[in-house]
Amino acid sequence: DVQLVESGGGSVQAGGSLNLSCTASGYTYKYNCMGWFRQAPAEEREMVAYIYSGGSTTDYHASVKGRITISRDTANTVYLRMNSLKFEDTAVYYCAISDTCAALHLGYWGQGTQVTVS
């Protein structure tokens, strides 16, 4: 079965930084898109960023553009470098994988890692 394991969440003061990591296993996609979604209390889940297998396609939510960078240095691991964090970034961050980025929200999901900004 497909598994995604996130790490790197925690508490940080506003203006600080965090680095999230996600490692996927058990998938059978020839090509894949990996990315991050987040869900804050009483809010709908929203896309943070995603990146395709070859790194040729990336996208970011407007609220994090310029502050957050997504990257992948192996076929199955994706990173989210978050700088200048704001209170509004507080949420559970979920890693996801799918065959295409357009279908990322319909793919497999990790259990999430909590990010708290104070």
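The values are calculated or read from the model by the stated rules, or taken from the named source; none is laboratory data. Just so it is clear, the model here is predicted, and its values are computed rather than measured. Virtual Cβ from ideal backbone geometry, glycine too; neighbours counted across all protein chains shown. Protein only, heavy atoms only, side chains kept; ligands, DNA and RNA dropped before computing areas. Shrake-Rupley method; radii C 1.70, N 1.55, O 1.52, S 1.80 Å.
If a residue has to be closer than 15 Å to E6 by Cα and either of a type in the set (D, E, K, R) or surrounded by fewer than 22 Cβ atoms within 10 Å (Cβ to Cβ) (or both) to count, how many in segment 75-90 make the cut? First the steps, then the outcome.
Within segment 75-90, the subset closer than 15 Å to E6 by Cα is 76-82.
Subset that is either of a type in the set (D, E, K, R) or surrounded by fewer than 22 Cβ atoms within 10 Å (Cβ to Cβ) (or both): 76-77, 79, 81.
Count: 4.
In segment 91-100, which residue that is farther than 11 Å from V115 by Cα and out of contact with any Gly (no Cβ under 7 Å at 6 or more places or on another chain) is surrounded by the fewest Cβ atoms within 10 Å (Cβ to Cβ)?
Let us first name the residues in segment 91-100 that are farther than 11 Å from V115 by Cα, namely 95-100.
Of the ones still in play, those that are also out of contact with any Gly (no Cβ under 7 Å at 6 or more places or on another chain) are 99-100.
Working: D99: 17, T100: 15.
The residue in question is T100.
Please determine, by comparing only the residues of segment 13-56 that are touching a Cys at 6+ places or on another chain (Cβ under 6 Å) and not hydrophobic (A, V, I, L, M, F, W, C), which one is farthest from S84 (Cα to Cα).
Among those residues, the one meeting the criterion is Y52.
For segment 11-39, what are the residues that are open to solvent by 30 Å² or more (accessible area, probe 1.4 Å) and either of a type outside the set (S, T, N, Q) or at positive phi (or both)?
Correct list: A14, G15, G26, Y27, Y29, K30, Y31.
Taking the conditions exactly as written (of a type in the set (D, E), open to solvent by less than 60 Å² (accessible area, probe 1.4 Å) and touching a residue at least 24 places away in the same chain (Cβ under 8 Å)), does D1 satisfy them or not? Show your work before the answer.
Working: of a type in the set (D, E): yes; open to solvent by less than 60 Å² (accessible area, probe 1.4 Å): no; touching a residue at least 24 places away in the same chain (Cβ under 8 Å): yes.
Considered against the rule, which asks whether it is of a type in the set (D, E), open to solvent by less than 60 Å² (accessible area, probe 1.4 Å) and touching a residue at least 24 places away in the same chain (Cβ under 8 Å), D1 comes out as no.
Which one is surrounded by the most Cβ atoms within 10 Å (Cβ to Cβ) among residues in segment 43-64 that are free of Cβ contacts under 8 Å to residues at least 40 places away in the same chain, of a type outside the set (A, V, I, L, M) and in contact with a Ser or Thr (Cβ under 9 Å, 6 or more places away or on another chain)?
Applying the filter and picking the extreme gives Y60.
Can you tell me which residues in segment 1-42 are polar (S, T, N, Q) and at pLDDT 95 or above? Explain how you work it out, then say what you get.
Let us first name the residues in segment 1-42 that are polar (S, T, N, Q), namely 3, 7, 11, 13, 17, 19, 21, 23, 25, 28, 32, 39.
Within segment 1-42, Q3, S7, S11, Q13, S17, N19, S21, T23, S25, Q39 qualify.
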